[in-house]
Amino acid sequence: MGGVTASKNPAHPGKSIRPEIAVDAEIDEEPAADPTWLNGARGLVYLGICLVLIGLNLRTVFSSFSAVLPEITSDAGLPGWSLVVLTTVPVTLLGVFAPVAPVLARRFGAERVLLGAMAVLTAGLLVRPVDLPGVGHLPALLLGTAACGAAIALCNVLLPGVVKRDFPQRLGLMGGLYTTAICASAALGAGFTYPIFTATGHWTSALWFWALPAGVVLLLFLPLAVRQHPVRHQAVGGGVNVWRSAVAWQVTIFMVLQAMMSFSVFAWLAPILRDRGVDGGTAGLMVSVSIVLQMLGSLFAPALAARLKDQRVINAVVALMTGGGFALSIFGPPEFIWVWTGLNGLGQGSLTAVALTMIMVRTRDAHTAAHLSGMMQGVGYGVGSAGTLMVGQLHQATGGFAAAGILFLVVGSLGAFFGYRAGRDRFV
């Protein structure tokens, strides 16, 4: 992640690997993708600001919905199955659309695809709260949420490559800024949505609000993206086949398990806290603090992981912290609820960061790292969405979250096992 020191690559003595997760989705293109066309240093600063602001919009769709979930359910009369779908579909689409991003980038250029993704994200956020005459809120909620998930998937894949391509001398700084912005996005959605609902009296206004920052970024990025002149590229083969590597599968399963916990926190932690008697405003604040602790974990854990001979112990510890913190938020004494959510946040941020760091420390070259990243995002998010699905189904079946607590003790334990396996000093 951003701002950490490079560590030595045991496969290539004298060279170093960066634990920043700036793998290039366009790495197999021929000819190689050109840097973004800019007007000098000011243009580069402007591009950097736009990329960070894009990151600042990539998680509000998840955390804003969960912050007012009881109010939406009550006012819109949503059936139980729809809550499961609305919390699962956007995460599933992160995996489904991840492989599409490089294909679109080869045809239209990464900048124009990012612009289109921000347009779709803004439209999805605008559509999401619409009450359609005769059918209610559910169709628009489903359509808008799906559009947001697809748009975020494209940004997830293309942003790191643009950062790596256009900021090769500032990779640590820019990698840190945009990954921190993504975490901050979730914290903002969790912390401000309920106060906006309280101020306006309408959950629709609270959700509509998040279209505003997305629309502003769309307008800011528009002049930069439209003046690019994309060149048609071809995909070239070669390199390690990550799909046949046992190490790649161990790393990917580790990613799946962390994604199951990560997106379940975004989707369900606020409803869990409210189910335990915490008021909506405090629940949103607690989720925000938990996500801020995620940011701290994501800053420090990769530096520690990269300095270790292998990552077996740190992978196992942070997985157990995350699963345990989630379970204790459900089962633990309520007077320590801040402690449990804080433990979950610190563990989850560290877990996500070390899972992504495996891309760099388990590969010998940039091509393999890019392909492993694509495998991890496609499988990780696609299968990882089962976490939010299972929490929703268990809650619907039992009327509470106790079964979900047991589920995440199991998921955390499995994460520790596969993290230990993925952390061994071996290469894809």
Matching residues, the stretch 289-335, being of a type outside the set (A, V, I, L, M, F, W, C), buried (at least 24 other Cβ atoms within 10 Å of the Cβ) and assigned to a helix (DSSP H, G or I):
SER290, GLN294, GLY297, SER298, PRO302, ASN315, THR322, GLY323, GLY325, SER329
With the checklist (1) under 22 Å from THR282 (Cα atoms); (2) part of a helix (DSSP H, G or I) in hand, flag the one item MET358 doesn't pass.
(1)
Specify the residue that is surrounded by the most Cβ atoms within 10 Å (Cβ to Cβ); the eligible residues are those in the stretch 361-372 that are of a type in the set (A, V, I, L, M) and under 24 Å from VAL91 (Cα atoms).
LEU372
Would you check if ARG274 is surrounded by fewer than 22 Cβ atoms within 10 Å (Cβ to Cβ), at pLDDT 90 or above, among the charged types (D, E, K, R) and over 30 Å from PHE427 (Cβ atoms)?
yes
Could you check how many residues of the stretch 101-134 are under 17 Å from the mean Cα position of the chain (by Cα) and modelled with pLDDT under 90?
1
Where a residue in the stretch 242-259 is under 15 Å from MET360 (Cα atoms) and its partner, wherever it lies, is among the hydroxyl-bearing types (Ser, Thr, Tyr) and surrounded by fewer than 24 Cβ atoms within 10 Å (Cβ to Cβ), with Cβ under 7 Å and at least six apart:
VAL242/THR368
The condition from (1) under 21 Å from LEU86 (Cβ atoms); (2) modelled with pLDDT of 95 or more; (3) among the aromatic types (Phe, Trp, Tyr) that PHE417 misses is numbered (1)
Would you say MET375 is surrounded by fewer than 24 Cβ atoms within 10 Å (Cβ to Cβ) and assigned to a helix (DSSP H, G or I)?
yes
Restricting to the stretch 279-291, count the residues that are under 11 Å from TYR194 (Cβ atoms) and out of contact with any Leu (no Cβ under 7 Å at 6 or more places or on another chain).
7
Going through the stretch 61-100 in order, the residues found to be in a loop (DSSP other than H, G, I, E, B) and at pLDDT 90 or above are VAL68
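The values are calculated or read from the model by the stated rules, or taken from the named source; none is laboratory data. Keep in mind that what you see is a predicted model, and the values were worked out from it rather than measured. Glycine gets a Cβ as well: all are built from the backbone with ideal geometry, and neighbour counts include every protein chain shown.
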